[in-house]
Amino acid sequence: MRYSIFSLIGQALRGHRDWAPAWRDAQPQRAYDVIVIGGGGHGLATAYYLAKVHGIARVAVVEKGWIGSGNVGRNTTIIRSNYLLPGNIPFYEFSMKLWEGLEQDLNYNAMVSQRGVLNLFHSDAQRDAYVRRGNAMRLHGVDAELLDAAAVHRMAPLLDFENARFPIKGGLLQRRGGTVRHDAVAWGYARAASSLGVDIIQNCEVTGFIRQAGRITGVETTRGEIRAAKIGMAVAGNTSRLAQMADLRLPIETHVLQAFVSESIKPLIPGVVTFGAGHFYISQSDKGGLVFGGDLDGYNSYAQRGNMPTMEDVCTEGIAIIPAMGRVRMLRSWAGVMDMSMDGSPIIDRTPHAGLYLNGGWCYGGFKATPASGWCFAHLLARDEPHEVARAYRLDRFATGHLIDEKGQGAQPNLH
Ligand SMILES: Cc1cc2nc3c(=O)[nH]c(=O)nc-3n(C[C@H](O)[C@H](O)[C@H](O)COP(=O)(O)OP(=O)(O)OC[C@H]3O[C@@H](n4cnc5c(N)ncnc54)[C@H](O)[C@@H]3O)c2cc1C
């Protein structure tokens, strides 16, 4: 069923009784061409592009919970392509271009809202770093504008410009950045993939791999064995746990990241604003809630819940740039588990096991990558060669030293 104004009016006249389910509730078959493990944004996008771009529709997405129960439904919804390093910029800009056409492509309203991402700077040295970043972006054809303090003031007058400790000296603005309704991305990809024949199998946890003659040929699940010629892992914060089932030890650690939402208030923040003197980012949802987050919780965990000290730290940083926030009541908070790689950049590659492929290490920035990650992982699975914009995301770069250390932090994953 195609969604349109006409289908909406037709359904309204019939009392909304005839809507078809957005995707089929598939039962596991014995075998597929490709199994994608993980029904998050990346897994669902991979399945969709496998069917749509490569004509491979005998695909199963195997999800241990329900679609959208992982990070794709837990993030702060920010999309941007304001990267610095050559390994990253083309990939994230490709993703941005896919976001720009996604709703038409999927026939699904994902509320893609390009209302700008503004990175504040608070010192001369930080301005130099942002000038460099903006120039690198423009050299790759990505939009970037350097704003002075007066221009930032016109955009966001409620920021604290009098703050003696962290004076706002300006900001780097990417106008095409913004936000996307996160769970709609999962639902939109699931619906589009299912309509092309992909089986989306929920409540089906992968518990082991089947090996035959040196190849991975299938998965053991809580709903029985499923075979496939190729198997892709796209399980975000559970990557190292799943890989361990195939005896792989990956350069990935799992950490907790929290998000927070306030009560609804009148428009306060125009787009996405990030604090340059700490780690804090904020936007405002269409309902009026302030949506914000900050640093990782700082310890390894697979539990999708956070701790109070980080909550306090994030709120303190928020009030440092927007004192008015101190008057707003917090509505809710939650957490997700991040697959932090050693250089802060992702991995889309084959593994040492024939038949097993890896998509992981997205750290806390993988939502914006969803379309390009799915596109490139589908390309790798279908053709056995990396997509042009994802060539740098090799697994062996940690052995060969070709790291993509965007933040320049070295091998300390909780700092990326
Ligand atoms: C609080 C928070 C804020 C964030 N903010 C942003 C942001 O603003 N912008 C941004 O770009 N990124 C952000 N991120 C990061 C982003 O959400 C993730 O990098 C991205 O969603 C990960 O990819 P995914 O959607 O496929 O992951 P997930 O949705 O986590 O999908 C993985 C799926 O695999 C399933 N799975 C795990 N193990 C198994 C198994 N054994 N068998 C079967 N299924 C399994 C899980 O249940 C899960 O559904 C944020 C994350 C969090 C938690």
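The figures follow:
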quantity: Test for residue 31: is it more than 16 Å from the chain's Cα centre (by Cα) and either away from the ligand (no atom under 16 Å from the Cβ) or without any contact (Cβ under 8 Å) to a residue 12 or more places away in the chain (or both); calculated: yes
quantity: Unique match (being among the aliphatic types (A, V, I, L, M), closer than 30 Å to residue 58 by Cβ and touching a strand residue (DSSP E or B) at 6+ places or on another chain (Cβ under 7 Å)) among 356, 331; calculated: 356
quantity: Test: residue in the stretch 76-97 that is without any contact (Cβ under 8 Å) to a residue 12 or more places away in the chain and under 16 Å from the mean Cα position of the chain (by Cα); calculated: yes
quantity: Any hit, the stretch 26-38, residues being part of a helix (DSSP H, G or I), out of contact with any Leu (no Cβ under 6 Å at 6 or more places or on another chain) and crowded, with 24+ Cβ neighbours inside 10 Å; calculated: no
quantity: Yes/no for residue 171 being more than 16 Å from the ligand (Cβ to nearest atom) and at positive phi; calculated: no
quantity: Count - residues of the stretch 338-368 that are of a type in the set (A, V, I, L, M, F, W, C) and in a loop (DSSP other than H, G, I, E, B); calculated: 3
quantity: Residues (of a type in the set (Val, Ile, Thr) and crowded, with 16+ Cβ neighbours inside 10 Å) located in the stretch 117-159; calculated: 117, 142, 152
quantity: Residues that are in a helix (DSSP H, G or I), of a type outside the set (Val, Ile, Thr) and within 15 Å of residue 207 (Cα to Cα), drawn from the stretch 225-249; calculated: 238, 240, 241, 242, 243, 244
quantity: Among (1) within 6 Å of the ligand (Cβ to nearest atom); (2) on the phi < 0 side of the Ramachandran plot, the one test that residue 77 misses; calculated: (2)
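Table: residues versus (1) near the ligand (Cβ under 10 Å from one of its atoms); (2) closer than 20 Å to residue 71 by Cα; (3) surrounded by 15 or more Cβ atoms within 10 Å (Cβ to Cβ).
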{"residue": "281", "(1), (2), (3)": "yes, yes, yes"}
{"residue": "297", "(1), (2), (3)": "no, yes, yes"}
{"residue": "324", "(1), (2), (3)": "no, no, no"}
{"residue": "328", "(1), (2), (3)": "no, no, yes"}
{"residue": "347", "(1), (2), (3)": "no, yes, yes"}
{"residue": "352", "(1), (2), (3)": "no, no, no"}
{"residue": "364", "(1), (2), (3)": "yes, yes, yes"}
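Read the figures in this text as sums done on the coordinates, not as results from a lab. Keep in mind the model is a prediction, meaning the values are calculated, not measured. FYI the Cβ positions are ideal-geometry reconstructions off the backbone, even for glycines, and counts take in every protein chain you see.
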